[in-house]
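Read-outs: derived from the displayed coordinates by stated rules, not from any lab. Just so it is clear, the model here is predicted, and its values are computed rather than measured. Reconstructed Cβ throughout: ideal geometry from the backbone, glycine too, with neighbour counts over all protein chains shown.
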Amino acid sequence: MYHSISEEKGNDAVISPALFAEQMAYLHSQGYNPVTLDQLYDYLTGQKGLPPKPVAITFDDGYRDTYEIALPILKRYGFKSTLFVLTADSERRLTWQELREMKAAGMEIASHSYTHRNLAGMTATAQADEITRSKELLDRNLNQDTRFFCYPTAASARRR
Ligand SMILES: [Zn+2]
């Protein structure tokens, strides 16, 4: 589970591009097979098998460095992954065109809510809006049926 991949120091949620590249090279050299959550879901519900040594690589929030740093490294190995992206215009750091390009390159795009607000303190109506609005935007802009949601907790909001 990755967040930002950059040189920011003193933030436990951030790792450097060099370390990320090293970790992907390790997975490749050890014969791991990155899978999407779609594949994992199909496996867990008994519909399909998984490749040997499966691993799920996921990214939260949707930072520009997921597109600029992580994606080229993942493409180098043909690695699949999952990105949980925020969908509000004010919170979205990647364009829909970039997200479509990432999806075409094997990155599954899923929901991380609309604005990353802590759902725990919200009314049921506001919670539903955060969740369904995000799914509708992803479905429409990426021409898909978005199936996965990563909960935006207060802890991860602090790490952003
Ligand atoms: Zn987050």
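Filtering the range 34-53 to residues that are within 17 Å of the chain's Cα centre (by Cα) and surrounded by 15 or more Cβ atoms within 10 Å (Cβ to Cβ) leaves P34, V35, T36, L37, D38, Q39, L40. Among the residues of the range 31-61, the ones that are in contact with a Gly (Cβ under 8 Å, 6 or more places away or on another chain) and outside any loop (DSSP other than H, G, I, E, B) come to 1 in all. Tallying residues that are charged (D, E, K, R), more than 16 Å from D129 (Cα to Cα) and more than 16 Å from the ligand (Cβ to nearest atom) within the range 71-95 yields 3. Candidates T82, T95, T66: the one that is out of contact with any strand residue (DSSP E or B) (no Cβ under 7 Å at 6 or more places or on another chain), polar (S, T, N, Q) and closer than 26 Å to E7 by Cβ is T95. Between S16, S29, S6, the distinction of being under 22 Å from R93 (Cα atoms) and either loosely packed, with under 12 Cβ neighbours inside 10 Å or in contact (Cβ under 8 Å) with a residue 40 or more places away in the chain (or both) belongs to S6 only.
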